[in-house]
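The next block holds one structure in the form of structure tokens; read it before the comments.
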Amino acid sequence: MSVNYASGLSAYDNKGKCGLPETFDPEDVLASKLERLVELVRQSKYLVVHTGAGISTSAGIPDFRGPNGVWTLEAKGKTPENAVTFDSAVPTFTHMAILALEWAGIVRYVVSQNIDGLHLRSGLPRDRLSELHGDMFVEECNKCGHQYIRAKCVPTMAKNLTGGLCEQEKKSRGLCRGKLIDTILDWEDALPDADLELAEQHSRKADLSLCLGSSLQILPSGSLPLLTRKNKGSVVIVNLQPTKHDRSAALRIGAYVDQVMRGLCEGLGVSVPPYSGPSVSLRSIHSQSGGGRRAKVSADPELLQKFTENYRMFLNKVNHCFTKVKTGTDSKKESENDVVTTTESSIDLKRKSEVDVKGESDIVKRKYVESITGDTKGNTGENNGIKLKEEDEKKNKK
């Protein structure tokens, strides 16, 4: 399906300001601002990230109000030239950096206005994400509300029937058999209750809201970062165009989001995994057991399996880095496909780390989080329902 999904929705007149000029911070100013951002994140105890269309433009998905945005071009009688589809688009460095920061225990929650599914397909856990406008890879039962995360893009938009039936079992009543619909909102549709409630809750709890690639014009999504400020927290905005809330920001950065997130992760010493195919995690590695508001979600098995493989690969690389430090081997970037980290930070991370996802991998995950955040209380929680613990126990018995 074309990434210009707006053409499949009803007409919408409240487009806000489109085509505003982009402003880039000078190199020295950007370097100073990145240092300030790293310090703010280091000091933060509860970081919430708010994302808009600007984090997906480097994946080939057009935004709405940028110089080549859908609505900007529409006003000129043009349409965007799309080289990608939702199925072929891949998560950007920013998507993978947010995932890495969540794994490291730094990002506590993500609120997104995007419907491209790239957050979920990067492996960002569903229970740490509010998708306020829907997801092109999610179907929902119109009867019981159960959601299905799919490997392929769903065929419809605007809450229409996709052609599938719900297969959830009901107590003593067989299968639900409700009809499945897509989750993409039309312009005047109400936002999903659970996602909006959680977005508001985490925004209020946050002491730092990091806004990436959004003009913050669409309501109520664009006003959520202000809940952090009302709670005496800080707001950081990273966007090339001016936004509605620039005056409320403690820090305003004019640069590409991928560049900013690379600088942030290097400054924090956080390893960013490469993208190796769509994968899905239902529960954060830091979440405690219990489904909460997100109990009614499942995913295609191949997506869950891929996450298991990706996370194991990441832990193995981190553990390999520890081994290098212990044996005195020089720590260098190995290739573009390897985990991205700076040498100095990696060494720091490896000395303190041996991360934990149950059993052997738990040690690595826990220590990895400790090395980045200084949290020595073992705030690692459960592991997304992946059977890593059982697998590690089997290995230990052998």
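The values are calculated or read from the model by the stated rules, or taken from the named source; none is laboratory data. Since the structure is predicted, the reported quantities are computational estimates derived from the model, not experimental observations. Backbone-built Cβ (ideal geometry, glycine too); neighbour counts: all protein chains shown. Heavy atoms of the whole protein, side chains included, go into the accessibility calculation; ligands, DNA and RNA do not. Shrake-Rupley method; radii C 1.70, N 1.55, O 1.52, S 1.80 Å.
Consider SER10 carefully, then state whether it is buried (at least 23 other Cβ atoms within 10 Å of the Cβ) and either out of contact with any Leu (no Cβ under 7 Å at 6 or more places or on another chain) or at pLDDT 80 or above (or both). No, not satisfied. All conditions in (1) touching a strand residue (DSSP E or B) at 6+ places or on another chain (Cβ under 7 Å); (2) crowded, with 17+ Cβ neighbours inside 10 Å; (3) modelled with pLDDT of 95 or more hold for PRO91, with the sole exception of (1).
The sole residue among ASN231, ASN239 that is surrounded by fewer than 17 Cβ atoms within 10 Å (Cβ to Cβ) and in contact with a helix residue (DSSP H, G or I) (Cβ under 8 Å, 6 or more places away or on another chain) is ASN231.
Look at PRO225 and say whether it is closer than 30 Å to TYR46 by Cβ, crowded, with 21+ Cβ neighbours inside 10 Å and not hydroxyl-bearing (Ser, Thr, Tyr). Yes.
Check whether at least one residue in the range 151-160 is within 16 Å of the chain's Cα centre (by Cα) and of a type in the set (D, E, K, R), and report yes or no. Checked against the condition, which is being within 16 Å of the chain's Cα centre (by Cα) and of a type in the set (D, E, K, R), the range 151-160 yields no hits at all. For the range 170-180, the condition of being closer than 21 Å to PRO301 by Cβ, loosely packed, with under 13 Cβ neighbours inside 10 Å and touching a Cys at 6+ places or on another chain (Cβ under 8 Å) holds for at least one residue.
Across the range 41-53, the qualifying residues are those that are open to solvent by 20 Å² or more (accessible area, probe 1.4 Å) and in a helix (DSSP H, G or I), and the one among them that is farthest from SER209 (Cα to Cα) is ALA53. Of the residues in the range 214-233, none is among the hydroxyl-bearing types (Ser, Thr, Tyr) and farther than 27 Å from PRO91 by Cβ. Within the range 181-191, being surrounded by 16 or more Cβ atoms within 10 Å (Cβ to Cβ) and more than 14 Å from ASN114 (Cα to Cα) holds for ILE181, ASP182. Taking the range 50-69 as the range and being out of contact with any Asp or Glu (no Cβ under 9 Å at 6 or more places or on another chain) and modelled with pLDDT of 95 or more as the test, the residues that pass are HIS50, THR51. Checking each residue in the range 197-222 for being charged (D, E, K, R) and open to solvent by less than 30 Å² (accessible area, probe 1.4 Å) picks out no residue at all. In the range 125-157, which residue that is surrounded by fewer than 18 Cβ atoms within 10 Å (Cβ to Cβ) and among the small types (Gly, Ala, Ser) is modelled with the lowest pLDDT? Within the range 125-157, the match that is modelled with the lowest pLDDT is GLY145.
For the range 76-129, a residue qualifies if it is within 9 Å of the chain's Cα centre (by Cα), hydroxyl-bearing (Ser, Thr, Tyr) and closer than 22 Å to LEU304 by Cβ, and the qualifying residues are TYR109, SER112, SER122.
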